[in-house]
Amino acid sequence: MSSEVVKQLQEAVQFSPENVPLRLHLAQVLLQDYEYVQAEEQYRKVLELSPDHTIAQLGLARTFYHQQKYSAAIVVLEQLEHHEPDHFDALLLHCRILVKENSLQSARDIYQHLLQLNPGFRDEALDAQFRLPQQQPTTSYEEDEPTEDPDKVFTLEKPDMNFSDVGGMEREKQEIDLKIIKPLQFPDLYKAYGKKAGGGILLYGPPGCGKTYLAKATAGQIQAEFINVGIHDVLDMWIGNSEKNLHALFELARQRKPCVLFFDEVDALGANRTSMRNSGASHLINQFLAEMDGIAANNENVLIIGATNAPWSLDPAFRRPGRFDRIIFVAPPDTDGRESILKLQLRNKPVSDVDYKALAKATTGYSGADLKAIVDLAVEDKLLEALQKGIPQPISQKELVKAIKSHKPTTREWFNTARNYALYSNEAGLYDDVLKYLDIKK
Ligand SMILES: Nc1ncnc2c1ncn2[C@@H]1O[C@H](COP(=O)(O)OP(=O)(O)O)[C@@H](O)[C@H]1O
Ligand SMILES: [Mg+2]
């Protein structure tokens with residue numbers, strides 16, 4: 001847009017100052033030209049002439065947005081939405097501003113409203129911010145957690161799964177029930193026995209054995225919201241602004257209760273604290289600990305679960321009372337556990353003549369993720385065959401046994417490391433469960 005056009009429009013507006021469409025046109029041109037101050041002035045004049053003019057209200061809000069006058073923008077948008085609660089562009093702008101202001105819960109509510117208005121709507125930045133529940137179509141099982149979109153900082157969802165979807169793990173489920181679910185349901189009873197409710201629990205164990213899965217199922221079990229935070233992402237993304245964002249995250253949890261606030265790879269926070277002390281990250285750790293203490297003080301209906309493959313890297317400060325003071329070892333599944341995991345992984349799939357007990361016996365040391373991988377391999381095998389022969393065939397013992405042979409268990413390496421810590425730096429019996437699992441007497 002040339003400045004010539006602007007000049008002509010300005011002259012025309014001077015001749016007929018009350019001409020709303022003309023002034024509005026000038027304002028739009030200025031907005032497109034990034035002349036936010038001037039555009040603001042013109043929109044204001046339009047609104048003086050026609051106070052409920054929706055387009056002018058939206059335009060004015062936009063000029064505020066670009067000048068980072070966020071609260072002013074919100075005031076205008078609220079006026080607009082008062083008359084037109086379903087105005088898509090106004091809501092979208094409103095949502096973006098709330099994200100900038102870190103009012104994540106309200107922003108998310110608006111985002112959901114937007115998706116209701118237009119189910120096909122996608123906005124990458126907002127999507128990354130809220131990451132609505134998505135199925136993982138991935139067959140990647142090598143890693144503890146598949147690396148996804150680097151923009152991802154946390155996901156927020158209401159899990160549609162619960163303990164019944166978790167195979168085996170009876171001891172772990174019971175511990176979670178006693179240590180965090182029951183205290184939440186019967187706080188007075190726990191108080192009466194001098195047990196404090198609140199604080200967090202830490203799940204640790206070899207990769208792929210269901211820590212994340214179990215945390216999610218815990219949220220589903222009590223029909224709570226699940227906020228999944230990858231600490232690595234927090235560290236990477238939030239340099240500079242991280243304390244504020246971490247605070248916003250805990251605030252979000254307090255607003256969405258009942259909820260499970262899950263910190264994956266939490267050891268990343270406590271690792272190498274000395275080297276972190278020199279960087280900005282030590283503030284982040286202190287902020288994290290302070291937030292946890294804050295939750296402990298005002299813990300109603302917020303459960304904090306941390307998970308780590310490397311508990312020995314976690315700074316002991318994290319384990320003080322009110323923080324991750326209850327620790328649960330998530331072991332590889334035993335034979336019965338493996339049987340039920342295989343059944344779960346194969347449910348809703350066409351199978352025939354599968355001897356689950358025999359498969360369970362043949363998979364000692366396999367993690368839940370390993371078993372999932374085996375099922376995936378067998379499915380791929382069968383799919384290929386069906387494509388070649390043109391006849392779909394159910395999955396049978398044969399493919400599963402073949403898959404077991406080609407996929408080695410992944411938990412042994414972890415135990416090589418864990419054994420040393422359990423034997424030589426087992427302060428306060430932290431790793432007694434690991435010793436028990438390895439059948440080592442103290
Ligand atoms: N007990 C289980 N029951 C059913 N599936 C499981 C179980 N444990 C693990 N899995 C499968 O393995 C995958 C990886 O588990 P995950 O929770 O990510 O492991 P971790 O967090 O301990 O590394 C899960 O998404 C799930 O599909
Ligand atoms: Mg995990």
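Computed from the coordinates by the stated procedures, all read-outs in this text should not be read as laboratory data. From a predicted model like this one, the values you see are computed outputs, not experimental measurements. Note that we place each Cβ from the backbone using ideal geometry, even for glycine, and neighbour counts take in every protein chain shown.
The modelled label-to-label distance between Glu427 and Asp109, using points 7 Å beyond Cα along the C-beta direction, is 4.5 nm.
By its C-alpha gyration tensor, with a ≥ b ≥ c as the square roots of the eigenvalues, how is region 1-56 shaped: rounded for a/c under 1.5, else prolate for a/b larger than b/c, else oblate? List each step's numbers first, then the result.
Numbers: a/c = 2.21, a/b = 1.29, b/c = 1.71.
Judged from the Cα gyration tensor, region 1-56 comes out oblate (a/c at least 1.5, b/c at or above a/b).
Which of the pairs Lys173/Lys402; Lys179/Lys257; Lys216/Lys343; Lys173/Lys357; Lys382/Lys436 have their Cα atoms more than 28 Å apart in this structure? Over 28 Å apart, Cα to Cα: Lys173/Lys402; Lys382/Lys436. Coupling constants for region 32-40 follow from the phi torsions by the Karplus curve (6.51 cos²θ - 1.76 cosθ + 1.60, θ = phi - 60°), and in residue order they are 5, 8, 6, 8, 5, 5, 5, 4, 4 Hz; glycine and proline get x. Which of these, Leu289, Leu92, Leu24, has the largest mean-square fluctuation under a Gaussian network model of the chain (Cα springs below 10 Å)? Maximum among the listed residues: Leu24.
Among 7-14, 392-399, 341-348, the peptide with the highest mean count of other Cβ atoms within 10 Å heads the list, and the full ranking is 341-348, 392-399, 7-14.
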